[in-house]
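Since the structure comes first, as structure tokens, the remarks are kept for the end.
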Amino acid sequence: MIPFIDLQAQRARLGQPLEDAILKVVRSGAYILGPEIAQFEAALAAFGQAPHALSCGSGTEALVLPLMAWGIGPGDAVFCPAFTFAATAEAMPLVGASPVFVDVRPDTYNIDPAKLDAAIEAVTAAGALTPRAIIAVDLFGQPADYPALAAIARKHGLRLIADSAQGFGGALDGHHPIHWADVTTTSFFPAKPLGCYGDGGAVLSKDARFHDLLVSLRVHGQAVASDLVGRTFDHDPKYLNMRVGMNSRMDTLQAAVLLQKLAIFPDEIAARNRVAARYAQGLGDMVRTPSVIAGGVSVWAQYTIETDDRDGLAAHLRGEQIPTAVYYPVPLHRQAPYARYPAPGGLPVTEAAAGRVLSLPMHAYLEPDVQDRIISAIRNHVKRNG
Ligand SMILES: *Cc1c(COP(=O)(O)O)cnc(C)c1O
């Protein structure tokens, strides 16, 4: 099998400095919140065009932390797509709130602003839940329609989160999603475009007080500088707990890895875009290739095509030692833990896409000759099967 994502090719490129950085942390003993954490957070904020960045335990916890900070909980509604990884919707029940599922656009697979507006109106009219926030997902690597989403968030007085676990590093008209969103979250799961060597995540935000609150929530609600203004505590303020938080620290080791990887990330985004362009050129007349929002740059977490014969094509490619994947075969509103939550107006676009999408090998180190083999195998199958 050729690799679906080639993390070893990236590791070989990063070479000795990566291994030195890891060994430095091992030898330092500063395994928790060591100096690499603050260095990485500063580098991440600069790259992500955000005033503040907080590293945390995972992309899932990166979604939970802002919901906790805003006090979103029982009786509250948070709007999100169902055509996404479970973590997007899971964050809401984890704080006691309800996800409300909204359909996506057929061209980008991202949340449909017109349907979002209608869903907010419907939930408001029904009166059982209080709309509080929107989580847009940058599915497969491309930014959602943030100008339209920010206008809807403003109109209804809602918070806007960009779940950029797949799209971190992507931009719209030169701006990262934080330009429009209150918060951007991401995941450093190894297979994401910017991944570490384990679990990790981050929350990018704009307001110093809000960031401070996240710092506190990340470590059990411990007192942060703003909590201590005008008050004395006889013991280590580490043990002064101001609120219920959790443990969502990123390991120092992962920050050391990410500092190395962030340095080559812009170059990798360019390489991923070259791979995407080659697929589009080679396949555009045979299958439905992805379309990116006007003015948008995708980081191509996935290169996802659509065909009527998805399962037949996947089986043919497997026979040719070419792996594929289906993201996502069962949308969240059709899965047992999420079936009870509202999906006003239904999700016909989501359901149609779930039966047709197929993701091809995609990473920054995919060689043109290997890619041409993938393209020929797809062309041969589609030609033979009409
Ligand atoms: C991967 C992913 C997450 C969760 O990230 P973890 O680090 O695995 O917790 C959240 N949202 C989306 C869209 C993802 O793809």
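The values are calculated or read from the model by the stated rules, or taken from the named source; none is laboratory data. These figures come from a predicted structure and were not determined experimentally. Don't worry about glycine lacking a Cβ; one is built from the backbone with ideal geometry, like all the others, and counts go over all protein chains shown.
Per-residue answers, yes or no, for (1) among the small types (Gly, Ala, Ser); (2) touching a helix residue (DSSP H, G or I) at 6+ places or on another chain (Cβ under 7 Å); (3) outside the structural domain of Gly355 (by TED's automatic domain parsing):
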| site | (1), (2), (3) |
| --- | --- |
| Ile22 | no, yes, yes |
| Ala30 | yes, yes, yes |
| Ile37 | no, yes, yes |
| Phe40 | no, yes, yes |
| Ala46 | yes, no, yes |
| His52 | no, yes, yes |
| Asp76 | no, no, yes |
| Glu90 | no, yes, yes |
Quiz item: So which residues in the stretch 360-386 are of a type in the set (Asp, Glu) and surrounded by 15 or more Cβ atoms within 10 Å (Cβ to Cβ)?
Solution: none
Quiz item: Which of the residues spanning the stretch 63-77 are out of contact with any Cys (no Cβ under 8 Å at 6 or more places or on another chain) and either within 16 Å of the ligand (Cβ to nearest atom) or among the hydrophobic types (A, V, I, L, M, F, W, C) (or both)?
Solution: Leu63, Val64, Pro66, Leu67, Met68, Ala69, Trp70, Ile72, Ala77
Quiz item: How many residues, within the stretch 22-46, are small (Gly, Ala, Ser) and within 26 Å of Ala301 (Cα to Cα)?
Solution: 4
Quiz item: So which helices (runs of 4 or more DSSP H) are wholly in the stretch 1-73 and hold at least 3 residues that are crowded, with 22+ Cβ neighbours inside 10 Å?
Solution: 35-47, 59-69
Practice problem: Please go through the stretch 281-299 and pick out each residue that is farther than 25 Å from Leu44 by Cβ, under 20 Å from the mean Cα position of the chain (by Cα) and surrounded by 16 or more Cβ atoms within 10 Å (Cβ to Cβ). | Solution: Pro290
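Restricting the search to the stretch 199-213, which residues are touching a Leu at 6+ places or on another chain (Cβ under 8 Å) and within 16 Å of the ligand (Cβ to nearest atom)? Can you show your working first?
Looking only at the stretch 199-213, we keep the residues that are touching a Leu at 6+ places or on another chain (Cβ under 8 Å), and these are 200, 202-205, 211.
Correct list: Gly200, Ala202, Val203, Leu204.
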Quiz item: Tally time: how many residues in the stretch 299-313 are over 19 Å from Leu139 (Cα atoms) and out of contact with any strand residue (DSSP E or B) (no Cβ under 6 Å at 6 or more places or on another chain)?
Solution: 5
Practice problem: Working carefully through the options Pro81, Pro74, find the one that is within 30 Å of Thr289 (Cα to Cα) and out of contact with any Lys or Arg (no Cβ under 8 Å at 6 or more places or on another chain). | Solution: Pro81
Practice problem: Hey, could you check the stretch 321-359 for residues that are in contact with a helix residue (DSSP H, G or I) (Cβ under 6 Å, 6 or more places away or on another chain) and either of a type in the set (Phe, Trp, Tyr) or not in a loop (DSSP other than H, G, I, E, B) (or both) and say which is surrounded by the fewest Cβ atoms within 10 Å (Cβ to Cβ)? | Solution: Tyr338
Quiz item: (1) farther than 20 Å from Glu367 by Cβ; (2) more than 16 Å from the ligand (Cβ to nearest atom); (3) among the polar types (S, T, N, Q): which one isn't true of Ser298, the others all being true?
Solution: (2)
Quiz item: Hey, among Arg310, Arg278, Arg272, which residue is out of contact with any helix residue (DSSP H, G or I) (no Cβ under 7 Å at 6 or more places or on another chain) and surrounded by fewer than 21 Cβ atoms within 10 Å (Cβ to Cβ)?
Solution: Arg310
